C-alpha cells in the first residue's frame, strides 16, 4: 500500500488528524527503563486517537547505539501491533544524490519507516532517491515552525518567498513521483494559507501546535483542503493536514487523555 | 584545543590541504570484513598526507547498528592513533532548536567528532546548539557541488543569490561564536570567488574535486585566502581551503599513492 493511502485509511479509521511525535529525551523518561519502554506505553495509550506516529531520530541518535536500537524496536512495535498506523521518521535528511541514496536506505530499509522528512536546500537530486521509493511518503520541509524559519525560508525572490518556491518545486516533483507532502508550521497561519493556495491538494504535516504556540482553529481553517461539493462537506472529507504534537502528549500525566482531547479539539474545527 | 587551531596544526604538519572522505559503501568493501576494517587501512595509508578525515554518516547509517558501531570505532581509531588529525563528521544536520541540541549531542558527545556539517535552511536557532560548542567546528552548507544546488541555493534575492545570504549570515554568526566554516563546492569556481569576496577570512570545505569534475587549479586560485604581505607569500601561509576527496582515494588500488598525489597536486597551486 502507498503511504498516502495508508495515512488516509488511518485518518478515517481513528477519525483523527493527530500525529503523535515520539521524541523521548533520555533525561526525562519518568521511571521507564528505556526509550522503547517509554514509547511502548505512549503508543498503546494513543494508537486509537492517532493517524500517524512520528519518531524524531535526533532524540535516539543522541543516546548512541542504545538509542538507535530503541528506535528500531519502537518502529517494529508499531508495525506489529498497530499495522494500520503509518510511521513517519522525522529525520530532515538531504545530501548529494549518492549520499541521499544511503539516507533513503537508512529511513526505509533499516528503520522501515513509511515516510520521512527531507530538507530541500540541496535541490532535486538530493530528494530524488527518496522520491524513487514510490510506496513511501516524502515530506519536504517548506516553512518550519521555529523562529529562525524567517532567516532564509522567508527571503523574497521575485515577489515570492523562498518557501513558496519550495512549494512550487515540490508540486512539480509530485506530478512525476506522486509521493510528495510538505512540512508547514502552524506558527505562521497566513503563510499556511498562502502555501495552500499554491498546492491545493497536497497533504501538510503541521508542527508548532501546543508547546510552540500555533493556533489550532486558524491552522485548520487556513490549511484544510476545501471541498467544493456540498454533499461532501462532512468531516470525513475534510483533510489535507496532519497535526503533530509531541511534548504536550508524551510528557502528560495521561498521554491517552491528552491525545483524545487534542484529537477531538482538532475535529471540532474540521 | 579549538577545531580551527587543530586543523591549522594538521595542515602545517602534513603540509596538506587534503581532507580524506571516509564513505565506504558496504556493497563495495573489496575484501575487507567491515566498514571499520576498510577505513583502518585507508586511515593508516593516508594519515601522513591528510589535514582532516571526513566520514559521511549516511554510509554507516544505511548499514544499521553495525554501521553506527563501525563509525564509532573509526573515529576512536583516528583519535587514538592520529590525534593531530581532526575528524569532521559529514552529517548535514539541522532542526528546530531543542532537536538540533540532540543532533549536537550525537555528533560531538556520542561520535566525538571535532566538527560537523550543518544545513542552514531552518535558520539561526537550528544552528545555535552546534555553535555553542565553541571548541568544535561548524561547517554551514553554503553552495554545494551537486546539480540540484541551483534549484534553491542559486535563487536571487535583491541581486544576491541565496548562497551569498547564507555566507553573510554565517559571517555574523562567526563574529559571535568564532567556530563557523563553510561548505562551498568546487563545481562552481566563479561562485567560489564571489563567496570568498564576502567572507575573506573563513575556511571553506571544498567537495566536488575528482569524481564530480571540479577543476583544482581554478578552485585554489579563486578560493585561497590572499596574503597581503610579500614576506608571507609562501606555501605555509596560503590557506583557507580544505579540499575533500573520497571515492578517488578510498577505492584506488593504492589509497596511499592517490592521497600523496592529490596532496602534492594541491600544493603545486598553493
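The values are calculated or read from the model by the stated rules, or taken from the named source; none is laboratory data. Just so it is clear, the structure is predicted and the values come from calculations on it, not from any experiment. A quick note on method: Cβ atoms are made from the backbone with ideal geometry, for glycine too, and the neighbour counts reach across all protein chains shown.
Take the conditions (1) surrounded by fewer than 21 Cβ atoms within 10 Å (Cβ to Cβ); (2) part of a loop (DSSP other than H, G, I, E, B); (3) within 14 Å of chain B (Cβ to nearest Cβ); residue A:31 misses just one of them, which is (3). Looking at the structure I just gave you, is residue A:144 crowded, with 24+ Cβ neighbours inside 10 Å, out of contact with any helix residue (DSSP H, G or I) (no Cβ under 8 Å at 6 or more places or on another chain) and facing another protein chain (nearest Cβ under 10 Å)? Against the criterion (crowded, with 24+ Cβ neighbours inside 10 Å, out of contact with any helix residue (DSSP H, G or I) (no Cβ under 8 Å at 6 or more places or on another chain) and facing another protein chain (nearest Cβ under 10 Å)), residue A:144 does not qualify.
Checked against (1) surrounded by fewer than 22 Cβ atoms within 10 Å (Cβ to Cβ); (2) at pLDDT 90 or above; (3) closer than 22 Å to residue A:98 by Cα, residue B:242 meets all criteria but (1).
With respect to the conditions (1) part of a helix (DSSP H, G or I); (2) at the interface with chain B (Cβ under 9 Å from one of its Cβ atoms); (3) touching a helix residue (DSSP H, G or I) at 6+ places or on another chain (Cβ under 8 Å), residue A:109 falls short on a single one, namely (3). Under the condition of being surrounded by fewer than 16 Cβ atoms within 10 Å (Cβ to Cβ) and either outside any helix (DSSP H, G or I) or at pLDDT below 90 (or both), the residues counted in the range A:211-232 number 10.
Screening residue A:47 against (1) in contact (Cβ under 8 Å) with a residue 24 or more places away in the chain; (2) surrounded by fewer than 22 Cβ atoms within 10 Å (Cβ to Cβ); (3) within 30 Å of residue B:89 (Cα to Cα) leaves a single unmet condition, (3). Answer yes if at least one residue in the range B:115-132 is away from chain A (no Cβ under 14 Å) and either within 21 Å of residue A:145 (Cβ to Cβ) or outside any helix (DSSP H, G or I) (or both), and no otherwise. There is at least one residue in the range B:115-132 that is away from chain A (no Cβ under 14 Å) and either within 21 Å of residue A:145 (Cβ to Cβ) or outside any helix (DSSP H, G or I) (or both). Looking at the range A:15-28 only, could you name the residues that are in contact with a helix residue (DSSP H, G or I) (Cβ under 8 Å, 6 or more places away or on another chain), crowded, with 19+ Cβ neighbours inside 10 Å and away from every other protein chain (no Cβ under 14 Å)? Residues satisfying the conditions are A:16, A:17, A:18, A:20. If you go through the range B:134-149 and keep only what is touching a strand residue (DSSP E or B) at 6+ places or on another chain (Cβ under 9 Å) and not in a strand (DSSP E or B), you end up with B:136, B:144, B:145, B:149.
Residue selection: residue B:84 satisfies the criterion of being away from every other protein chain (no Cβ under 11 Å), in contact with a helix residue (DSSP H, G or I) (Cβ under 8 Å, 6 or more places away or on another chain) and farther than 13 Å from residue B:173 by Cβ.
The residue list A:26, A:57, A:42 contains one member that is at pLDDT 95 or above and over 21 Å from residue B:89 (Cα atoms), which is A:42. The set of residues from the range B:139-149 being closer than 18 Å to residue A:163 by Cβ and free of Cβ contacts under 8 Å to residues at least 24 places away in the same chain comprises just one member, B:148. Within the range A:155-168, being touching a strand residue (DSSP E or B) at 6+ places or on another chain (Cβ under 7 Å) and in contact (Cβ under 8 Å) with a residue 12 or more places away in the chain holds for A:163, A:166, A:167. Restricting A:195, A:157 to residues that are farther than 20 Å from residue A:58 by Cβ and surrounded by fewer than 22 Cβ atoms within 10 Å (Cβ to Cβ) narrows the list to A:157.
Reported count of residues in the range A:73-89, each being surrounded by fewer than 18 Cβ atoms within 10 Å (Cβ to Cβ), assigned to a helix (DSSP H, G or I) and within 18 Å of the chain's Cα centre (by Cα), is 1. For residue A:92, the criteria (1) buried (at least 24 other Cβ atoms within 10 Å of the Cβ); (2) in a helix (DSSP H, G or I); (3) in contact (Cβ under 8 Å) with a residue 24 or more places away in the chain; (4) facing chain B (nearest Cβ under 8 Å) hold in every case but one, which is (2). On inspection, residue B:53 does not qualify as more than 14 Å from chain A (Cβ to nearest Cβ) and surrounded by fewer than 24 Cβ atoms within 10 Å (Cβ to Cβ).
Take residue A:10 and decide whether it is away from every other protein chain (no Cβ under 14 Å), touching a strand residue (DSSP E or B) at 6+ places or on another chain (Cβ under 6 Å), at pLDDT 95 or above and crowded, with 19+ Cβ neighbours inside 10 Å. No; evaluated as a whole, the condition is false for this residue.
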